[in-house]
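Heads up, the thing below is written out as structure tokens.
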Amino acid sequence: MTATDRSIELIQAAALAAADKLAHDIIAYDVSDVLSITDAFLLASAPNDRQVKSIVDEIEERLNKELGAKPVRREGDREARWVLLDYVDIVVHVQHSEERVFYALERLWKDCPELDLPEEAKATRGKAAEHAEATTAEQDGDLS
């Protein structure tokens, strides 16, 4: 079994919305062979809580406006460290960068096929590491 066309359409729209709000390390997995409750997962991260919320809001707005999709469940919104949007066909995880490293969802789903994403979303790969390096360099400069 593979992700449906509808699931892929939702994943691609969500990935573009996340990229537009400067999410880091956007990746999607086809989990339909190992989970019966959903077809695909989208993972994205951001360096702060405000940006996590912004990404989540943009994904939700874009999927509703463009594809008429509304999440059946939204969790983690209050803390904005790990927000989950459940659209039944897909589940979107937007995590604070620290949670992304700690929980390492990619390791859990590494055996599942990666879904192809738009170029804008692929371009976000490695951005979390770049941001961390820039932040560290900036802080080191402040201490000097």
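The values are calculated or read from the model by the stated rules, or taken from the named source; none is laboratory data. In this text, all values refer to a predicted model and were calculated from it rather than measured experimentally. Cβ atoms come from the backbone with ideal geometry, glycine included; neighbour counts cover every protein chain shown. All accessible areas refer to the heavy atoms of the entire protein, side chains included, with ligands and DNA or RNA removed. Shrake-Rupley method; radii C 1.70, N 1.55, O 1.52, S 1.80 Å.
Quick notes on this one:
- Value of Rg/Rh across the chain [Cα atoms, Kirkwood radius]: 0.99
- Karplus-derived 3J(HN,Hα) values for region 76-84, using 6.51 cos²θ - 1.76 cosθ + 1.60 with θ = phi - 60°, are x, 5, 5, 7, 6, 9, 8, 9, 10 Hz; glycine and proline are entered as x.
- Against the chain, whose longest principal axis comes from its Cα atoms, helix 5-20 is set at around 20 degrees.
- Accessible area (Å², 1.4 Å probe, nearest 10) - F41: 20
- Accessible-area value, S54, 1.4 Å probe, nucleic acids and ligands omitted, Å²: 40
- Computed from Cα positions, the angle between helix 127-143 and the longest principal axis of the chain comes to roughly 20 degrees.
- For R125, the residues whose modelled amide H falls within less than 5 Å of its own, excluding neighbours fewer than 5 places apart on the same chain, are D25, I26.
- Longest DSSP-loop-exposure-free segment, trypsin sites (Lys or Arg not before Pro), the chain, at most 16 other Cβ within 10 Å: 1-77
- Amide H contacts of D39: I90, each under 5 Å away and 5 or more positions distant or on a separate chain (H built 1.01 Å from N in the peptide plane; Pro and chain starts excluded).
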